[in-house]
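Enquirer: Take a look at the following structure, please.
The values are calculated or read from the model by the stated rules, or taken from the named source; none is laboratory data. Please read these numbers as outputs of a predicted model, since none were measured by experiment. Heads up, the Cβs are rebuilt from the backbone with ideal geometry, glycines too, and the neighbour counts pull from every protein chain shown.
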Amino acid sequence: MAEKRGIRRLKKRLSLKFGTDSPTRVAFTEDLSQSGLFIKTISPLPPGTRIIIELTMPEGEKVMIEGMSRWRKSAPAQVIHLVNKKGMGIRILKFISGEECYRRVIEDCNDKYFTDRRVA
């Protein structure tokens, strides 16, 4: 199936914590964009769930985000290592703190680090 997203994504693995009331679960990002991110986790939340995310940026700065789970892909624990993309897609609703740092990381990366997934 052809990729329908027209958004450039930065492939970046950053550590994070997330949760519905406070960020308590540990996970990692797989990719970032201006409007969202993909969280790689074995316990994705249902679509429509509002979550708080604490991202640890490469320089050690913390970025707090309020987001919403838009989709998820999970697998049984026995085969989780066999599934390519497991986790959830997050739409950023608002930045609680650190927006400048997040935007700087996205903008400062060279185009060679981006995965351009636009349909030709």
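Enquirer: Out of (1) within 26 Å of GLU100 (Cα to Cα); (2) surrounded by 13 or more Cβ atoms within 10 Å (Cβ to Cβ); (3) modelled with pLDDT of 90 or more, what's the single condition that is false for ASP21?
Expert: ASP21 satisfies all of (1) within 26 Å of GLU100 (Cα to Cα); (2) surrounded by 13 or more Cβ atoms within 10 Å (Cβ to Cβ); (3) modelled with pLDDT of 90 or more except (2).
Enquirer: In addition: For segment 47-61, what are the residues that are at pLDDT 95 or above, over 12 Å from SER97 (Cα atoms) and not β-branched (Val, Ile, Thr)?
Expert: Passing the criteria: PRO47, GLY48, ARG50.
Enquirer: Something else about it: Mind listing just one residue for me: the one in segment 62-110 that is in a helix (DSSP H, G or I) and either acidic (Asp, Glu) or in contact with a Pro (Cβ under 9 Å, 6 or more places away or on another chain) (or both) and, of those, modelled with the lowest pLDDT?
Expert: Among those that are in a helix (DSSP H, G or I) and either acidic (Asp, Glu) or in contact with a Pro (Cβ under 9 Å, 6 or more places away or on another chain) (or both), it is ASP108.
Enquirer: Still on this model: State which residue is farthest from ARG91 (Cα to Cα) when the search covers only segment 27-61 and only residues that are outside any loop (DSSP other than H, G, I, E, B) and over 10 Å from the mean Cα position of the chain (by Cα).
Expert: Within segment 27-61, the match that is farthest from ARG91 (Cα to Cα) is THR56.
Enquirer: Determine the pairs where a residue that is in contact (Cβ under 8 Å) with a residue 12 or more places away in the chain and crowded, with 16+ Cβ neighbours inside 10 Å, located within segment 89-109, has a partner that is in a strand (DSSP E or B) and of a type in the set (S, T, N, Q) with Cβ atoms under 9 Å apart, the partner being 6 or more residues away or on another chain.
Expert: GLY89/SER69; ILE90/SER69
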